[in-house]
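K.L.:
Before anything else, here's the structure in question.
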Amino acid sequence: MGKGGEKGGGSGEPEAQLCFYTWEEIQKHNLRTDKWLVIERKVYNVTKWANRHPGGQRVISHWAGEDATDAFQAFHINPTLVQKFLKPLLIGELAPGEPSQDRDKNSQLVEDFRTLRKTVEDMDLFRANPLFFSLYLGHIIVMEVLAWLMVSYFGNGWITTLILSCILTTCQAQAGWLQHDFGHLSVFKKSSWNHIVHKFVIGHLKGASANWWNHRHFQHHAKPNIFKKDPDVNMLHIFVLGDTQPVEYGKKKLKYLPYNHQHEYFFLIFPPLLIPVYFQIQIISTMIKRRFWADLAWAISYYIRYFITYIPFYGVLGSLFLLTFVRFLESHWFVWVTQMNHIPMEIDSEKHRDWLSSQVAATCNIEQSFFNDWFTGHLNFQIEHHLFPTMPRHNFWKVKPLVKSLCAKYGVQYEEKPLGKAFVDIVGSLKKSGDLWLDAYLYK
């Protein structure tokens, strides 16, 4: 139970009472109907607020019963503004004898990471370069115009259509990386401007939903590679991932698919179908079920523009086929880039690690080059991106040496590899997990 203490200038009324809580007490409040969390030693009851949380109720719920200080700092570009929402939720503080971190986390490592964040802020690395993002948006629009001019001039022959498909795929992939920047609030100082341009890029340039992306992607960032918390590792029984899940499935004799062949059927299921089938169904159903009408309007504007542009050359069915083919190609690009940083890394149940350790265990980097930066949308700096998700991507290379140095100091493995090896490691990791499943299925 919390113990009453006096709040500075308290008037003796109930709300003037400040309660002190132990970690043991706080950790009990991690239920769907009862959620507390800690930010800078202050205890907040977010049970009712969770449903109104702009980033989605799940992402805030994933931190229930824990110290969420670093996650809070990582996701909000203006913590002072957000404090006004936190104030009514304050119910007390950690008891004076309680450590600032829960579950025996290394307090020195946590403090050093917070010092690093302060250093990064002082270096102005959270300031975006407007020219970078203007040119980035410009090169997408130029490719869109080029695609239309090409089909206008050369007609709809097979070779022209193939080249057109590659250009449109590149537009979609690059718009995907650009919406990611605005979604993470890493371009403008004001959240509202980021949100507006995010809706334009993901909605009008891609035909997808900003809210759907936010609610899904922020969970991934909060708890990467954590089963039941990161939606990106919820494989709907199609794949088994990591070292523990395959053994659990094997012991329970679960065989939805022959997982010892998952590294082979991966090529038939994951890259070709993720965007044109799974994401497409999920996006449309989410916008309608959750009543994201603004997102739906933006998405419709994309389809109107696309069909007005290409029906004169390909007809209705031809335009639909072209769109599906572009989504099919983009899906390959997207899957290989997004999975290379995470699938080969540790994937497990919740371990309640500190922010640095949990993010680095679940992510790896790809060697830097101009092509790799462009091709992956700077997700080759995945470690830096996960530690500082609101940092503009053109600054990742500047913070990288500082992150490597901190990891080396505490023996946290910082993994970096060539692009080709990263792709190969996806398949190797799936094969390893499949073999673990088969062994457990047959012998345990």
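The values are calculated or read from the model by the stated rules, or taken from the named source; none is laboratory data. Treat the numbers as computed from the prediction; the structure is a model and nothing was measured. For neighbour counting, all protein chains shown are included, and Cβ atoms are generated from backbone atoms with ideal geometry for every residue, glycine included. With ligands, DNA and RNA removed, areas are computed over all heavy atoms of the protein, side chains included. Shrake-Rupley method; radii C 1.70, N 1.55, O 1.52, S 1.80 Å.
K.L.:
Among (1) within 19 Å of LEU205 (Cβ to Cβ); (2) touching a residue at least 60 places away in the same chain (Cβ under 8 Å); (3) among the β-branched types (Val, Ile, Thr), which single condition is ILE308 missing?
P.N.:
(2)
K.L.:
Give the range 44-81 a look and list any residue that's part of a helix (DSSP H, G or I) and closer than 18 Å to LYS118 by Cβ, or say none. Lay out the reasoning, then the answer.
P.N.:
Our first condition is that a residue be part of a helix (DSSP H, G or I); within the range 44-81, this holds for 49-52, 57-61, 69-75, 79-81.
Across the range 44-81, the qualifying residues are THR69, ASP70, ALA71, PHE72, GLN73, ALA74, PHE75, PRO79, THR80.
K.L.:
Output the residues belonging to the range 356-389 that are open to solvent by less than 10 Å² (accessible area, probe 1.4 Å), outside any helix (DSSP H, G or I) and either hydroxyl-bearing (Ser, Thr, Tyr) or within 23 Å of ASP122 (Cα to Cα) (or both).
P.N.:
Of everything in the range 356-389, those that are open to solvent by less than 10 Å² (accessible area, probe 1.4 Å), outside any helix (DSSP H, G or I) and either hydroxyl-bearing (Ser, Thr, Tyr) or within 23 Å of ASP122 (Cα to Cα) (or both) turn out to be THR363, PHE388, PRO389.
Residues are listed down the side, and each one gets a yes or a no for (1) more than 30 Å from ARG52 (Cα to Cα); (2) without any contact (Cβ under 8 Å) to a residue 40 or more places away in the chain; (3) crowded, with 19+ Cβ neighbours inside 10 Å:
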| site | (1), (2), (3) |
| --- | --- |
| GLN83 | no, yes, no |
| LEU86 | no, no, no |
| SER100 | no, no, no |
| TRP148 | yes, no, no |
| ALA173 | yes, no, yes |
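K.L.:
Filter the range 340-355 down to residues that are open to solvent by less than 30 Å² (accessible area, probe 1.4 Å) and of a type outside the set (S, T, N, Q), then give me how many there are.
P.N.:
Taking the range 340-355 and keeping what is open to solvent by less than 30 Å² (accessible area, probe 1.4 Å), we get 340-343, 345, 347-348, 354-355.
Cutting the leftovers down to of a type outside the set (S, T, N, Q) gives us 340, 342-343, 345, 347-348, 354-355.
Looking only at that region, the number is 8.
K.L.:
OK, next. Determine which single condition LEU116 fails, assuming it passes every other condition in (1) modelled with pLDDT of 95 or more; (2) open to solvent by 50 Å² or more (accessible area, probe 1.4 Å).
P.N.:
With respect to (1) modelled with pLDDT of 95 or more; (2) open to solvent by 50 Å² or more (accessible area, probe 1.4 Å), LEU116 is out only on (2).
Per-residue answers, yes or no, for (1) surrounded by fewer than 20 Cβ atoms within 10 Å (Cβ to Cβ); (2) within 25 Å of GLN382 (Cα to Cα); (3) of a type outside the set (A, V, I, L, M, F, W, C); (4) touching a Pro at 6+ places or on another chain (Cβ under 7 Å):
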site	(1), (2), (3), (4)
PHE227	yes, yes, no, no
ASP230	no, yes, yes, yes
HIS261	yes, no, yes, no
LEU268	yes, no, no, no
ILE281	yes, no, no, no
ARG291	yes, no, yes, no
SER301	yes, no, yes, no
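K.L.:
Only one of TYR21, TYR44 is touching a helix residue (DSSP H, G or I) at 6+ places or on another chain (Cβ under 7 Å), modelled with pLDDT of 95 or more, hydroxyl-bearing (Ser, Thr, Tyr) and surrounded by 16 or more Cβ atoms within 10 Å (Cβ to Cβ); which? Quick ask: steps written out before the conclusion?
P.N.:
Working: TYR21 fails: touching a helix residue (DSSP H, G or I) at 6+ places or on another chain (Cβ under 7 Å).
Of the residues listed, the single one that is touching a helix residue (DSSP H, G or I) at 6+ places or on another chain (Cβ under 7 Å), modelled with pLDDT of 95 or more, hydroxyl-bearing (Ser, Thr, Tyr) and surrounded by 16 or more Cβ atoms within 10 Å (Cβ to Cβ) is TYR44.
K.L.:
Here's another thing I want to ask about it. Give the residues of the range 96-118 that are in a helix (DSSP H, G or I) and touching a Ser or Thr at 6+ places or on another chain (Cβ under 7 Å), sorted by residue number. Working first, answer last.
P.N.:
Going through the range 96-118, the residues in a helix (DSSP H, G or I) turn out to be 107-118.
SER107, the sole residue that qualifies.
K.L.:
A follow-up question, please. Would a scan of the range 95-105 turn up a residue that is in contact with a Gly (Cβ under 7 Å, 6 or more places away or on another chain) and among the hydrophobic types (A, V, I, L, M, F, W, C)?
P.N.:
The initial filter retains those residues of the range 95-105 that are in contact with a Gly (Cβ under 7 Å, 6 or more places away or on another chain), namely none.
Scanning the range 95-105 turns up no residue that is in contact with a Gly (Cβ under 7 Å, 6 or more places away or on another chain) and among the hydrophobic types (A, V, I, L, M, F, W, C).
K.L.:
Can you name every residue in the range 415-444 that is open to solvent by 60 Å² or more (accessible area, probe 1.4 Å) and farther than 19 Å from LEU268 by Cβ? Explain how you work it out, then say what you get.
P.N.:
Our first condition is that a residue be open to solvent by 60 Å² or more (accessible area, probe 1.4 Å); within the range 415-444, this holds for 416, 421, 424, 431-432, 435, 439, 441-444.
Hits for the range 415-444 are GLU416, LYS421, LYS432, ASP435, ASP439, TYR441, LEU442, TYR443, LYS444.
K.L.:
Is there a residue in the range 156-163 that is of a type outside the set (S, T, N, Q), under 27 Å from HIS332 (Cα atoms) and either part of a loop (DSSP other than H, G, I, E, B) or open to solvent by less than 50 Å² (accessible area, probe 1.4 Å) (or both)? Quick ask: steps written out before the conclusion?
P.N.:
Taking the range 156-163 as the starting set, the residues that turn out to be of a type outside the set (S, T, N, Q) are 157-159, 162-163.
Still in the list and also under 27 Å from HIS332 (Cα atoms): 157-159, 162-163.
Now restrict to residues that are either part of a loop (DSSP other than H, G, I, E, B) or open to solvent by less than 50 Å² (accessible area, probe 1.4 Å) (or both): 157.
Yes, the conditions are met somewhere in the range 156-163.
K.L.:
Is at least one residue of the range 235-246 of a type in the set (Ser, Thr, Tyr), open to solvent by 30 Å² or more (accessible area, probe 1.4 Å) and not in a loop (DSSP other than H, G, I, E, B)?
P.N.:
Our first condition is that a residue be of a type in the set (Ser, Thr, Tyr); within the range 235-246, this holds for 244.
So of that shortlist, the ones also open to solvent by 30 Å² or more (accessible area, probe 1.4 Å) come out as 244.
This time we only want the ones that are not in a loop (DSSP other than H, G, I, E, B), so: 244.
Checked against the condition, which is being of a type in the set (Ser, Thr, Tyr), open to solvent by 30 Å² or more (accessible area, probe 1.4 Å) and not in a loop (DSSP other than H, G, I, E, B), the range 235-246 yields at least one hit.
K.L.:
Yes or no: the range 317-339 includes at least one residue that is under 29 Å from PHE72 (Cβ atoms), in a loop (DSSP other than H, G, I, E, B) and open to solvent by less than 60 Å² (accessible area, probe 1.4 Å).
P.N.:
Applying the first criterion (under 29 Å from PHE72 (Cβ atoms)) to the range 317-339 yields 337-339.
Those still in the list that are in a loop (DSSP other than H, G, I, E, B) too: none.
No: the range 317-339 contains no residue that is under 29 Å from PHE72 (Cβ atoms), in a loop (DSSP other than H, G, I, E, B) and open to solvent by less than 60 Å² (accessible area, probe 1.4 Å).
K.L.:
Tell me which residues, restricted to the range 74-110, are of a type in the set (Ser, Thr, Tyr) and at pLDDT 90 or above. Outline the logic, then answer.
P.N.:
Within the range 74-110, the first condition is being of a type in the set (Ser, Thr, Tyr), and the residues that meet it are 80, 100, 107.
Listed by number, the residues that qualify are SER100, SER107.
K.L.:
Do any residues in the range 356-384 that are among the charged types (D, E, K, R) have Cβ atoms under 6 Å from those of residues that are not in a loop (DSSP other than H, G, I, E, B), where the two are at least six apart or on different chains, and which pairs are they?
P.N.:
If the second residue must be not in a loop (DSSP other than H, G, I, E, B), the pairs left are GLU384/PHE396; GLU384/VAL399; GLU384/LYS400; GLU384/VAL403.
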